[in-house]
């Protein structure tokens, strides 16, 4: 019974931390406090987007990932991809059933498909190693493996979030922009024929110029798409993978005795600010959301069912299936991590994205409030079920 309560407290603590810090952000955003105004949140969010989060992802990856880990834990990125695929399908079903505003559809799909696969796991997974019964083996070895698994999850989870989820939120921002600026689309249509050189001319030189312009435009569009994919955090993840998987480079940058260890220290220093800042911003938006949001209860209920009922059940089926086929290491802790990945609430980085693209900030905060409230219960219950399936 004592072990159950220890596990329960370990699972509840991370969501409650998010809620407490969010309440602080909500207080700072009140007129009484006047500290966290709308402009302040924009500036803070840009720092998180361009500086703090890339540093966090780079530091965690470079320190905890090796080439051997990537080979032996190959199924974890696949597992995360399955989560995003199933979550996207379920999110699409939620959108079709609840029929929200068009600009909220990509946001709902993003919330259903993505999860907090990094920082939350860094707290939850090691906590199961502290039990006296030692369900996952020796405490010291268990904690070391748990931190490695959680860091690996953070790395690839961040890569999916800052590519797929990022572009979903960007799509929502484009829909919102088109909705609030309908005349701009007409202007773009009016200029498109000229930009695409669809006018007629009797001068051959003009056609040559059009051909050259098309080539330049094509290269520019390719570069624009590349910039969309490689968000700052994605670049940080790629850099962390490169440093972590190349031994001589890792020894040069990572470690107290490394020649360029100051780079690691600087990345860690900046990265530590990411999660508190994002959570405070979410809290500031939450206050505004409670006052202005028109998000229907049916949407919130549907998201909660997807995140904490359907996806965890799918996770059990997936992990049991690949375990039966022998595709994953015979390590109960590794399988436990794979299952927990299906159970976590949405990542705080979505709050960074919606603030950056100025779309659905209030609705996002409401979704985060309810999903984290239910996560406190859902994580504890499903953790007990997972341990019972894998160990007992």
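The values are calculated or read from the model by the stated rules, or taken from the named source; none is laboratory data. Worth saying up front: this structure is predicted, and the values here are computed from it rather than measured. Because the Cβ atoms are built from the backbone with ideal geometry, glycine has one as well, and the counts that use them run over all protein chains shown.
Among the candidates 150, 231, the residue that is buried (at least 16 other Cβ atoms within 10 Å of the Cβ) and modelled with pLDDT under 75 is uniquely 231. For residue 198, state whether it is modelled with pLDDT under 80, within 30 Å of residue 232 (Cβ to Cβ) and either surrounded by fewer than 22 Cβ atoms within 10 Å (Cβ to Cβ) or more than 27 Å from the chain's Cα centre (by Cα) (or both). Taking the combined requirement at face value, the residue does not satisfy it. The residue list 282, 286, 290 contains one member that is surrounded by fewer than 14 Cβ atoms within 10 Å (Cβ to Cβ), modelled with pLDDT under 85 and in a helix (DSSP H, G or I), which is 290. Tally up the residues in the stretch 28-77 that are under 24 Å from residue 342 (Cα atoms) and without any contact (Cβ under 8 Å) to a residue 40 or more places away in the chain, please. Qualifying residue count for the region: 2. Within the stretch 130-142, the residues that satisfy the criterion of being in a helix (DSSP H, G or I) and modelled with pLDDT under 75 are 130, 139, 140.
At pLDDT below 90 and out of contact with any helix residue (DSSP H, G or I) (no Cβ under 8 Å at 6 or more places or on another chain): is that true of residue 72 in this structure? Yes; evaluated as a whole, the condition is true for this residue. With a requirement of 1 or more residues that are surrounded by fewer than 19 Cβ atoms within 10 Å (Cβ to Cβ), more than 22 Å from the chain's Cα centre (by Cα) and at negative phi, the helices (runs of 4 or more DSSP H) lying completely within the stretch 5-116 that satisfy it span 38-47, 67-72, 75-98. Only residues that are in a helix (DSSP H, G or I) and closer than 17 Å to residue 148 by Cα were counted across the stretch 248-260, and they come to 1. In the set 267, 302, which member is crowded, with 16+ Cβ neighbours inside 10 Å, closer than 12 Å to residue 63 by Cα and within 25 Å of the chain's Cα centre (by Cα)? The unique qualifying residue is 267.
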